[in-house]
Amino acid sequence: MRLKDIKSLSYEELCEEMKALELPAYRGGQIFLWLHGKNASSFDEMLNIPLNIRKTLSEKYYIACAAIEKKQISCYDGTVKYLYRLNDGEFIEAVLMSYHHGYTICISTQVGCRMGCTFCATGKSGFARNLTPSEMISQIQQAEKDNGIKISNIVLMGMGEPLDNFENVIKFLSLVSSDKGMNIGMRHITLSTCGIVPKIYELAELKLQITLSVSLHAPNDSIRSRTMPINRKYGVRQLIESCRYYAKTTGRRITFEYAMIDGVNDSRECAYELAKLIKGMICHVNLIPVNSVSGSDYRKSKKKRLEEFSKILESNSIAATVRRTLGSDIDASCGQLRRKHIS
Ligand code: SAH
Ligand code: SF4
């Protein structure tokens, strides 16, 4: 019999499962606390659950785990990059960053990615499968355990496209923000997408308090379709329209990610075009010098270009920051470590 993934069940679902096993519902609550509040990795740790029940549980369920396979620590800023091995032997990555306001973890939502962006290491290594909610939770728990810390912020910016794994990601958000579990508030979570437009509308309707980050990377279809294949399905205009709807419906400010690639999307004209495109929206633009990835000849924009680009945006009343890149010595850009490990 295939074992069920117990850490992906909500508090209510766990209580229902216990009833189906003819156990009192409160056992479900106790187990939820062990799995999400106390990070138990085996049923034997659940000391307030009688031995015979623990035995039944281990015959019916498994506890998903992202085991640390490899770890790299940046000597510049202490950023830690993890390569995790999942129960079925697949590998994923996460990055732990330390800021003055606490710890932020960047986690993966899929093994690989289907979207094929040309500048991205994950996009180059293909797609294996979606992650379960429990596998997303486990990436956070393992990093907390490894460092003896409590993580306060989460960004879904590791490997994979979160909106291509919509249901599991939404379930993960509700699990991780549960006050009976890890209790990380939605306002401390950022979801990054390459722009799957119908899913942005679907997400807007849920009115979650998360920050939506949109990987724009180009101000028009001709550049964007060259670097991001998703744009051939949902063009820039359609994407921006969905962002305006999202911002209006949720009242939340959108962040646009813009990886600056030398000679591709970093001209003055691109800056003016971008300013015009997003004018009037409650948003913020993050300009990031692109990380070079093996197998592509994209280069970072020059510092002067970045500054000029940012000035043009600001003179058009658009808030922009040039983001510092953490962990540049440890392949911290998504997908780079896994790609090295499996090739
Ligand atoms: N699939 C989602 C989230 C994961 S990618 C998305 O695309 O938004 C996380 C972020 O890293 C995205 O903004 C993505 O565009 C960016 N990214 C990927 N490869 C990069 C590179 N080589 N240099 C800079 N940013 C990169
Ligand atoms: Fe996938 Fe995001 Fe990489 Fe594009 S940038 S290939 S959507 S992970």
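May I ask you to say which residue of LEU203, LEU208 is assigned to a loop (DSSP other than H, G, I, E, B), modelled with pLDDT of 95 or more and within 30 Å of LEU33 (Cβ to Cβ)? Steps first, please.
On the way: LEU203 fails: assigned to a loop (DSSP other than H, G, I, E, B).
Sole residue among the options that is assigned to a loop (DSSP other than H, G, I, E, B), modelled with pLDDT of 95 or more and within 30 Å of LEU33 (Cβ to Cβ): LEU208.
The set of residues in the range 274-293 that are more than 17 Å from THR227 (Cβ to Cβ) and open to solvent by 20 Å² or more (accessible area, probe 1.4 Å) comprises LYS276, LYS279, GLY280, MET281, ILE282, HIS284. Going through the range 170-182 one residue at a time, which ones are touching a helix residue (DSSP H, G or I) at 6+ places or on another chain (Cβ under 8 Å), surrounded by fewer than 19 Cβ atoms within 10 Å (Cβ to Cβ) and part of a loop (DSSP other than H, G, I, E, B)? Answer for the range 170-182, where residues must be touching a helix residue (DSSP H, G or I) at 6+ places or on another chain (Cβ under 8 Å), surrounded by fewer than 19 Cβ atoms within 10 Å (Cβ to Cβ) and part of a loop (DSSP other than H, G, I, E, B): SER178, LYS180. Restricting to the range 126-155, give me the number of residues that are open to solvent by 40 Å² or more (accessible area, probe 1.4 Å) and either within 11 Å of ligand 2 (Cβ to nearest atom) or within 13 Å of the chain's Cα centre (by Cα) (or both). So the answer is 2. Kindly check whether there is at least one residue in the range 258-273 that is within 20 Å of the chain's Cα centre (by Cα) and either open to solvent by less than 30 Å² (accessible area, probe 1.4 Å) or of a type in the set (Asp, Glu) (or both). Yes, the range 258-273 has at least one match. Criterion first (of a type in the set (Ser, Thr, Tyr), within 16 Å of ligand 2 (Cβ to nearest atom), modelled with pLDDT under 95 and crowded, with 19+ Cβ neighbours inside 10 Å) does THR109 satisfy it? No, not satisfied. The set of residues from the range 93-127 being outside any loop (DSSP other than H, G, I, E, B) and away from ligand 1 (no atom under 15 Å from the Cβ) comprises LEU96, SER98, TYR99, GLY102, TYR103. Of the residues that make up the range 37-57, is at least one without any contact (Cβ under 8 Å) to a residue 40 or more places away in the chain, farther than 26 Å from CYS194 by Cβ and of a type in the set (Asp, Glu)? Yes, that holds for at least one residue.
The values are calculated or read from the model by the stated rules, or taken from the named source; none is laboratory data. Source: prediction; values computed, not measured. When we count neighbours, we look across all protein chains shown, and the Cβ atoms used for this are built from the backbone with ideal geometry, even at glycine. Side chains included, ligands, DNA and RNA excluded: accessible areas come from the protein's heavy atoms. Shrake-Rupley method; radii C 1.70, N 1.55, O 1.52, S 1.80 Å.
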